[in-house]
Amino acid sequence: MVLAAGNQDALLELYDRYAGLSYAVAMRVLGDPGRAEDAVQEAFLKIWTNAASFDSKKGSLRTWLITAVRNRSIDFLRGRGAHEREELELQPDLAESHRSDPWREVSLSLERAAVREAVGSLPAEQRQAVQLAYFGGYSQAEIADMTKVPLSTVKGRMRLALEKLSSYLQGRGLMDV
């Protein structure tokens with residue numbers, strides 16, 4: 001698929017492929033179906049209009065899109081207090097329920113299991129930082145306030161955790177180098 005600003009077919013293909021996963025991520029962060037739909041729509045529009053800035057050397061299109069959805073969802077949260085946020089259970093079947101390709105479903109299931117295993121292998125402090133940031137939608141400064149540790153410590157934990165996750169997943173062939 002060649003994604004380019006103005007190419008509606010590419011946008012439709014991208015949406016067909018990743019809408020379910022994107023919505024599941026937005027729901028996990030926001031917990032509100034309407035706001036999740038808005039976050040997904042805005043993220044897809046941003047990806048489409050900024051297609052020229054995509055660099056496959058920095059990561060996959062899927063990662064770029066899901067990061068945009070997550071970031072847009074967090075932007076929506078900024079208006080609410082941290083005490084209102086609630087981590088919701090990500091429903092794996094929601095993300096790809098419209099698919100009927102059993103091999104794709106098996107592959108995605110194995111990927112999810114590997115990511116869960118990778119996150120589970122992290123030391124508790126690093127795991128907590130990753131979970132709060134990526135699944136709770138908290139900024140590093142908010143995590144520092146919540147956990148009563150210096151911001152630099154949170155940043156260090158995140159950096160180490162992401163390096164370990166990357167190494168773990170690369171070692172299992174789930175990430176390109």
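Residue under question is GLY59, and the condition is that it be of a type outside the set (Asp, Glu), without any contact (Cβ under 8 Å) to a residue 24 or more places away in the chain and over 19 Å from ASP9 (Cβ atoms); does it hold?
yes
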Six or more apart or on different chains, Cβ atoms under 9 Å: show the pairs whose first residue is in the stretch 13-27 and over 17 Å from ASP38 (Cβ atoms) and whose second is of a type in the set (Phe, Trp, Tyr). LEU14/PHE44; LEU14/TRP48
Looking across the stretch 30-48 at residues that are among the charged types (D, E, K, R) and without any contact (Cβ under 8 Å) to a residue 24 or more places away in the chain, the single one that is nearest to ARG62 (Cα to Cα) is GLU37
Scan the stretch 44-53 and give yes if some residue there is buried (at least 20 other Cβ atoms within 10 Å of the Cβ), of a type in the set (A, V, I, L, M, F, W, C) and in a helix (DSSP H, G or I), otherwise no. yes
Does the stretch 152-163 contain at least one residue that is of a type in the set (Ser, Thr, Tyr), over 19 Å from GLY120 (Cα atoms) and assigned to a loop (DSSP other than H, G, I, E, B)? no
Among the residues of the stretch 99-151, write down those that are at pLDDT 90 or above, more than 18 Å from GLU163 (Cβ to Cβ) and either surrounded by fewer than 16 Cβ atoms within 10 Å (Cβ to Cβ) or of a type in the set (Ser, Thr, Tyr) (or both). LYS148, VAL149, PRO150, LEU151
Look at LEU165 and say whether it is at negative phi, free of Cβ contacts under 8 Å to residues at least 60 places away in the same chain and surrounded by 13 or more Cβ atoms within 10 Å (Cβ to Cβ). yes
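The values are calculated or read from the model by the stated rules, or taken from the named source; none is laboratory data. Everything quoted here is computed from the prediction, not taken from an experiment. Here Cβ is always computed from backbone atoms with ideal geometry, including for glycine, and neighbour counts include all displayed protein chains.
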